[in-house]
Amino acid sequence: MALEGFTHLIPFAAGHEIIRQKRRNLSVIRMTPDLIYDQLIGAGCVSKLQFSWGGNPGVGSLHRMRDAVENGWPGSLEIVEHSHAGMAAAYAAGASNLPFGMLRGYVGSDLPNYNPQIKFIDCPFTGEHLAAIPAIRPDVTIVHAQKADHRGNVLMWGVVGVQKEAVLAAKRAIVTVEEIVTSLNAPPNAVVLPSWVVTAVCEVKGGAFPSYAQGYYSRNNAFYKTWDAIARERDVFQDWIERYVFGVKDFAEFRRAVEAAASV
Amino acid sequence: MSEHYTSDEMMTIAAARMLRNGAVCFVGIGLPSAAANVARLTHAPDVVLIYESGPIAAKPSVLPLSIGDGELSETAETVVSIPEMFAYWLQGGRIDFGFLGAAQIDRFANINTTVIGDYRKPKTRLPGAGGAPEIAACSKQVLITLRQNKRAFVQKLDFVTSGGYFDGGDARKRMGLAGKGPIGVITDLGILTPDTETKELTLTSLHPDVTVEKAIDATGWPLKVSPRLATTAAPTEVELSVLRDLNQRTAHEHGG
C-alpha cells in the first residue's frame, strides 16, 4: 500500500481511517513517511516500510518510526531503504509497466550493501554502470487532491510529487479530494487523473491536514513542531491516538480539536 | 564568537558567499536553505534555487520548514514532479551546486545521514538518504554545511550515505560519478576545502576569533591546516540584517 503526497497533499484522513479500522501487518510504501506513517507505525498497523527519507521535515526525528526500528516497538519493522531518486525511478517504472527503474545512483553509497533490491547493470550500448531497482506496484495507492468532478476525474496542482506515478503503478487507486465540483476547468497540461484510472473518489474537506492543500489551506508547521513532543513518549502518543483518531466522529472534528488544542 | 554575531550566523553567511550570482543551486533543507536564501537576498539576486519537492527558481520570503512548503511552490517559476526533478534536472546535469547538510562527515567529505551505530541495530536512526546521494553524485559541484564538532567530524563514518571523494585521490573519478564533488565544507568555525591531489579536507579559512586549536579539537581526525590559512571576513551589517530579518519572518510565520 502506498499513501503518497510529497509534503503537500498527504492523505491524513485516509491514514486515520486505516488506524481506526485496526489494520495490521501492512506493507507500506512512501518516499517520506512523514507524520502519517509515524502514526500508522506507532499504532501497530505496519510490519514493513519502503521509504527514502524518514524524518519530521525541519523538526527532527519521527520518534515512532525510530522506536520501531531501534527497539521493535510496538512490533518489529522491516525496512527497505532507498534514495528519493531511486524511489522515483521505481514508481515511474511501475507506472510504465517495466520490471525495474534505472538511474545514475547509489554509486559509492552503503545503501546497496543493506538493500538487496538495489542492483547494478551495464548499459548494453555504452557499457556504463547504472543502478536498477524493482518497479513499485502497490496493491492500493491512496492520494489526496484538490478537486474531482462528478464523473470522478481528479485534478491536482502545486507540489505534485510522485502521485501520478503512484496511482498509475497501482492495481487500485483511491483519491480523497477537497471538493467535488461540476467541472474541473483544467488547462490542457494540468495533472489530471482520468476517472478510469481511479477506483474511488471520496470528498474529505481538509483531508490533508496538518499537511496542506495549495489553494485551500497552508501547512500547519506549528503542529509538525508539536508532533515531536507527542511522538517522543509511547504513552503520550497512545493517548493522542485515542483522543484524536479514535475519539473523534470524523476528520473535520479531528482538525477542529487539534486547532483548538493549539490555541489554548 | 563575537559580541556582534553568533557562530551560526557566521556559518550561514560564509556559506551564502560561496554561491555565485546566476548559479543553479539544488538546495537541501535547514542550514543550506538559509544560506542559499541569504545569498539570493544579498550578492546573488539571480541565483536559481531548486528544491527537490519540485519548485524551480523559488523565491521564498520566509524559510520553508519542510522541503515542500507552499511558500516554495507559490514563489517558483515552475513546479515539476519528483521523477522529473531527479531524472531531467538533477541527473540531466542542470545543477551547478548541490547544497547539503549532514549528520557526520569524514576527511574525504563523504557524508552520513542514515544511522549512528550499526545499520541493523542502530544506536540512533537518522532520517536517511532523501535526495542526497544523487545530489552529491550529479551536481557539478557540491557545498556542505554543518557545525564542526567531534560527533560530526569523524575518523570513520558509521554509514556512507552520499559520496564525496571516497578514500581520496582520484577515487571519485574512477567510480564514474558525474559531478566534480564537494568544493567546500562551511562550518561554524571555518571553511575546509579538499586538497587538489589527495582530496583530504584542509582548513583553509578560520572565522574571526576562532583559533586553529579549537578547529583541530573539534575534528575527529588529525586536521590538515593550510599554510596559507585565511581569516573569513566578518559578516557585514547588510548580511547580518538580511539573515536576521529572514529568521524573524520565518519564526513569526511558522509559530509554535
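Derivation of every value follows stated rules applied to the coordinates shown; laboratory data play no part. Not measured: the values here are computed from a predicted model. A quick note on method: Cβ atoms are made from the backbone with ideal geometry, for glycine too, and the neighbour counts reach across all protein chains shown.
Whole-Å semi-axes of the range A:108-264's equivalent ellipsoid, largest first, each the root of 5 times a Cα gyration tensor eigenvalue?
34, 26, 14
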Legend entry - Built amide H within the under 5 Å cut-off of B:G101, gap 5+: B:T145
Legend entry - the protein assembly as shown, helix-only ellipticity at 222 nm - DSSP H runs n ≥ 4, -39,500 (n - 2.57), divided by all residues, nearest 500: -8000 deg cm²/dmol
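Evaluate the charge dipole of the range B:7-249 about its Cα centre and quote only its size in Debye, nearest 20, assuming +1 on the Cβ of each Lys and Arg and -1 on the Cβ of each Asp and Glu.
660 debye
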Legend entry - Hz values of 3J(HN,Hα) by residue in the range A:77-83 - Karplus curve (6.51, -1.76, 1.60), Gly and Pro given as x: 10, 7, 10, 10, 10, 10, 9
Inset, instruction - For the range B:7-249, just say rounded, prolate or oblate: build the C-alpha gyration tensor, square-root its eigenvalues into a ≥ b ≥ c, call rounded for a/c under 1.5, and beyond that prolate if a/b exceeds b/c, oblate if not. - result: oblate
Inset, instruction - Please check which bits of the range A:65-81 a label hung off A:R234 would reach, taking the label as a point 7 Å along Cα-to-C-beta and the cut-off as backbone N under 19 Å. - result: A:65-78
Inset, instruction - Taking the Cα centre of the range B:117-193 as origin, sum charge times position over the Cβ atoms of Lys and Arg (+1) and Asp and Glu (-1), and report the length of that vector in debye to the nearest 20. - result: 180 debye
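Can you tell me the convex hull volume per residue for the protein assembly as shown, based on C-alpha atoms, in Å³ to the nearest whole number?
Taking only Cα atoms, the protein assembly as shown has a hull volume of 147 Å³ per residue.
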Inset, instruction - Determine the shielding of peptide B:87-97 by partner chains: average, over its residues, the number of Cβ atoms on other chains within 10 angstrom of each Cβ. - result: 2
Inset, instruction - Using amide H atoms built 1.01 Å from N in the peptide plane, name the residues 5+ places from B:S162, or on other chains, whose amide H lies under 5 Å from its own. - result: B:I111, B:T113
Inset, instruction - For chain A, just run the numbers: alpha carbon Rg, then divide by 2.2 N^0.38 Å, N being how many residues it has. - result: 1.02
Inset, instruction - Mind jotting down the distance between the C-alpha centroids of the range B:4-69 and the range A:191-221, whole Å? - result: 29 Å
Inset, instruction - Can you tell me how much longer the chain between B:K214 and B:E197 gets when fully stretched, taken as 0.36 nm per residue apart minus their C-alpha distance, in nm with one decimal? - result: 3.5 nm
Inset, instruction - Using the charge dipole of the range B:7-249 (Lys, Arg: +1 at Cβ; Asp, Glu: -1 at Cβ; taken about the Cα centre), state which of B:T202, B:V62, B:N247 has its Cα farthest towards the positive end. - result: B:T202
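Treat every Asp and Glu Cβ in the protein assembly as shown as -1 and every Lys and Arg Cβ as +1, leave all other atoms uncharged, and give the resulting dipole magnitude about the Cα centre to the nearest 20 debye.
940 debye
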Legend entry - Computed over the range B:110-230, the ratio Rg/Rh where both radii use C-alpha atoms and Rh is Kirkwood: 0.97
Inset, instruction - Evaluate peptide B:58-65: per residue, the Cβ atoms of other protein chains within 10 Å of its Cβ; return the mean as an integer. - result: 2
Legend entry - Mean Cα-pair separation over length for the range B:7-249, i.e. relative contact order, pairs under 8 Å, 6 or more apart, %: 19 percent
Legend entry - For B:T202, residues with placed amide H under 5 Å, excluding near neighbours: B:T193, B:D195
Inset, instruction - Restrict the search to the range A:172-264; then list the trypsin sites (Lys or Arg not before Pro) that DSSP places in a loop and that have at most 12 other Cβ atoms within 10 Å of their Cβ. - result: A:K249
Legend entry - Virtual spin-label span in nm between A:K48 and B:N21, 7 Å along Cα→Cβ: 5.5 nm
Legend entry - Residues B:K150 and B:S241, FRET efficiency given R0 of 22 Å [Cβ-Cβ distance, rounded to 0.05]: 0.05
Legend entry - Sites excluded, trypsin sites (Lys or Arg not before Pro) in DSSP loops with at most 15 other C-beta within 10 Å, longest stretch of chain B: B:21-119
Legend entry - Spacing of the two label points (7 Å from each Cα toward its C-beta) at A:L130 and A:S218, in nm: 4.2 nm
Inset, instruction - Report, in whole Å, the centroid distance computed from the Cα atoms of the range B:103-166 and the range A:91-166. - result: 24 Å
Legend entry - Farthest positive-ward along the range B:123-200 dipole, Cα basis, beta-carbon charges - from B:C138, B:T161, B:L126: B:L126
Legend entry - Average beta carbon contacts from partner chains per residue of A:156-166, 10 Å cutoff: 5
Inset, instruction - Check each of the GluC sites (Glu not before Pro) in the range B:1-103 and keep only those in coil by DSSP with at most 16 other C-beta atoms within 10 angstrom; list them in order. - result: B:E3, B:E77
Legend entry - For chain A, with +1 on Lys and Arg beta carbons and -1 on Asp and Glu, the positive-most of A:V46, A:A252, A:S61 along the dipole: A:A252
